[in-house]
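Right, one structure below, let's go through it.
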Protein chains: 2
Amino acid sequence: MGEKELRRSLSVFPIGTVMKLTDLTARKIRYYEEQGLIHPERNEGNRRMYSLNDVDVLLEIKDYLTEGVNMAGIKRLYELKEHEKADRLKATQHVLTDDDVRRILRSEFQAVGGLDGDNPYQNFDGSHIFR
Amino acid sequence: MGEKELRRSLSVFPIGTVMKLTDLTARKIRYYEEQGLIHPERNEGNRRMYSLNDVDVLLEIKDYLTEGVNMAGIKRLYELKEHEKADRLKATQHVLTDDDVRRILRSEFQAVGGLDGDNPYQNFDGSHIFR
DNA sequence: AACTTATGTAAGAAAATATCACATAAAATA
DNA sequence: TATTTTATGTGATATTTTCTTACATAAGTT
């Protein structure tokens with residue numbers, strides 16, 4: 001792991017900072033952890049400490065949810081080793097319609113359910129914090 | 001101010017994180033603030049929140065102290081607009097002997113006192129956190 | 001010797017975070 | 001449609017972190 005990756009995985013933010021950085025509630029942040037999407041470390045006092053990588057994942061989760069992808073779908077996306085396929089998609093297409101998401105999920109790892117196609121939001125420009 | 005500078009001045013770290021990042025005690029960190037060397041913001045709950053820039057300044061302060069420069073000297077150094085002269089010195093010379101520091105301080109802004117010339121440490125490579 | 005500097009430490013208050021439990025609208029499923 | 005699950009809100013209580021203020025002190029300075 002290079003120096004840069006190391007810095008990005010340094011656990012330095014308490015949940016309050018992450019709340020502001022992501023505009024998520026503490027409840028949501030802890031829930032996404034419970035769902036295995038992030039793995040913040042704990043300090044000596046048992047407080048969760050988050051890394052820049054965690055923050056990025058949380059922002060991505062927000063994007064996915066806005067797209068209409070449910071937790072099950074998001075988990076499947078993150079199961080793709082290192083997120084590589086999804087990342088490449090985001091990097092090349094930059095904007096995914098609900099239909100795209102649906103097609104990808106179905107074709108790449110079978111049906112996942114939970115896609116209703118009624119969410120108009122699209123925000124796959126990859127512009128996250130501390131890039 | 002560019003995007004990068006903005007990120008570096010985002011107040012996101014609580015004092016506990018800064019303590020670990022810099023290996024300074026809370027007492028020292030607050031004291032350097034009291035001396036006007038850093039200016040952490042406060043959150044709604046009155047807790048100090050530090051930026052990457054603050055962390056860098058603290059690491060520089062550590063370096064200066066290790067070099068034998070006292071608070072008065074460090075303040076003078078930071079009085080140099082944007083730290084430009086000191087930065088250029090660090091960038092070009094990379095290693096300053098106590099004697100160098102003494103000469104610089106004396107010639108550039110008169111005597112500052114507090115330099116004993118007995119400190120063997122030198123660490124001006126500029127390799128700080130989150131670069 | 002007396003004063004100043006830079007830092008340690010202690011006490012009490014306030015803020016942030018933890019866990020656990022219960023509530024619930026919307027979505028999924030039977 | 002009735003039932004269950006999902007994703008999140010809210011409240012209570014405990015613990016940790018940080019704040020301010022005050023006093024202490026070794027080392028350096030005058």
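The values are calculated or read from the model by the stated rules, or taken from the named source; none is laboratory data. Source: prediction; values computed, not measured. Backbone-built Cβ (ideal geometry, glycine too); neighbour counts: all protein chains shown. Keep in mind that these areas ignore ligands, DNA and RNA; they rest on the heavy atoms of the full protein, side chains included. Shrake-Rupley method; radii C 1.70, N 1.55, O 1.52, S 1.80 Å.
Criterion applied to B:I15, B:I38, B:I29 was being in contact (Cβ under 8 Å) with a residue 12 or more places away in the chain, surrounded by 20 or more Cβ atoms within 10 Å (Cβ to Cβ) and within 11 Å of DNA strand D (Cβ to nearest atom), and the one residue passing it is B:I29. Note on the range B:44-63: residues that are out of contact with any Pro (no Cβ under 7 Å at 6 or more places or on another chain) and open to solvent by less than 40 Å² (accessible area, probe 1.4 Å) amount to 10.
How many residues does the range B:7-46 hold that are assigned to a helix (DSSP H, G or I) and either within 8 Å of DNA strand C (Cβ to nearest atom) or over 16 Å from A:T17 (Cα atoms) (or both)?
13
Residues that are within 14 Å of another protein chain (Cβ to nearest Cβ) and near DNA strand D (Cβ under 9 Å from one of its atoms) do not occur anywhere in the range B:59-78.
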